[in-house]
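For reference, the structure discussed in these notes is given below.
The values are calculated or read from the model by the stated rules, or taken from the named source; none is laboratory data. Source: prediction; values computed, not measured. Using ideal geometry, Cβ is built from the backbone for each residue, glycine included, and neighbour counts are taken over all protein chains shown.
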Amino acid sequence: MKNTRLLLVVWMLFLVLPQGYSQEKKENSSILGQVNGFLSKHVKLTAYGQFGYSYTDRKDLDVRQADNQFFGRLGMLILSGDITDKLSWMVQYELFTSQLLELYACYKPYSFFQVKIGRMKTCFTLENQMSPSVYETVNFSRVIERLAGFSGDVCGNQGGRDMGLQVGGELFKTSFDDYFLEYRAGVYNGSGLSMKDHNDAKDFATWLTVQPVKGLKVGASAYIGKLNADYTVVHDETGEETIYNANMKRNRMALSACYQTPRLTCRGEYLWGEDGAVNRRGFYALGHWFAVPSRWAVVAKLERYEADTAVSDSEMIYTIGGAYHITPKTRIMLNYAHFNYERNASVNELWAMLQIGF
């Protein structure tokens, strides 16, 4: 099945990539020329890949694990296009896992109303809805990974995605050529990247932000869901496996704020969630500044996450780093992260990553 999907992606790439430039005039009058003309007008191809090297020191945790490794994180191929000026589509495929991540259609008759249907990012939290190609640090924030459908979440690593139907839009045009209010609401299967629902319940998410001044957005989002399967989650540091049983609630709330200019980004989010009888919470605060516009950037991030508020076992994460941007989607990143645990243990990580994209 995975090989079939990969062949389909390769075939689509051959259709999208330009063919026969030296015979352009001749092809324009042929069927192939007409097909190429249609694709170049209505289909857009973008791609990016992330790979690099990491070093980890976990001696305080007495965990036997490789101290260093080369890694390949993402190999994304994205096809998108406009069928009409109101109807568009998007397909996103990940090469390392041979997995179809997103496939949806979007109908947008007005700026204040649009409808999406298919597999997509859920409308929960600000960071979840960001592309890894523009994220300021090598890794997503721990609280987002644990509570927004990534690694360590009770639903398994779904990349923050699900199958469903989503509506949204923007309201009240401002004097700085933007909108004051943005809203989204979605109903999803609750089974992540699976094409089928695992129970007769649906999950719901809502997202609302306001922009009182240019560049400043504040908002809130919520996710109400239910799991109906057994999920095994492996703890990143200890390797301990936890099995979560069927028919458990999976509810989340989030508060978000972001201030952004061409050179400065300040963003933070606070999340809390319920997984059955377990309550979780955490936050992150990030600052990113281009010391040299569009080239050299520095970043700092503070995080805290509590996997169970009833147990004294929280972790604090401090990250500093920098990046050199060759193009907007091609950059070299270097991050150092220090983890502090309440059980008097610490972990140090060093990440160097190259991202190539167009």
Where a residue in the stretch 133-144 is closer than 13 Å to Arg281 by Cα and its partner, wherever it lies, is aliphatic (A, V, I, L, M), with Cβ under 7 Å and at least six apart | Arg142/Ile317; Val143/Leu271
Mind listing just one residue for me: the one in the stretch 291-325 that is of a type in the set (Phe, Trp, Tyr) and farther than 20 Å from Ala257 by Cα and, of those, farthest from the chain's Cα centre (by Cα)?
-> Trp296
Phe150 versus (1) closer than 24 Å to Ala201 by Cα; (2) modelled with pLDDT of 95 or more: which is the lone unmet condition?
-> (2)
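Tell me yes or no: at least one residue of the stretch 118-135 is farther than 25 Å from Glu269 by Cβ and out of contact with any Pro (no Cβ under 9 Å at 6 or more places or on another chain).
Of all residues in the stretch 118-135, those farther than 25 Å from Glu269 by Cβ come to 118.
Still in the list and also out of contact with any Pro (no Cβ under 9 Å at 6 or more places or on another chain): 118.
Looking for residues that are farther than 25 Å from Glu269 by Cβ and out of contact with any Pro (no Cβ under 9 Å at 6 or more places or on another chain), one finds at least one in the stretch 118-135, hence yes.
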Which fully enclosed strands (runs of 3 or more DSSP E) of the stretch 125-235 have 2 or more residues being in contact with a Phe, Trp or Tyr (Cβ under 6 Å, 6 or more places away or on another chain) and acidic (Asp, Glu)?
-> 161-173
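Give, as residue ranges, the strands (runs of 3 or more DSSP E) completely inside the stretch 240-358 that count at least 2 residues that are surrounded by 14 or more Cβ atoms within 10 Å (Cβ to Cβ) and not aromatic (Phe, Trp, Tyr). Let's see the steps before the verdict.
Values: elements: 241-244, 248-260, 264-275, 278-292, 296-306, 315-327, 330-341, 345-357.
Ranges flagged: 248-260, 264-275, 278-292, 296-306, 315-327, 330-341, 345-357.
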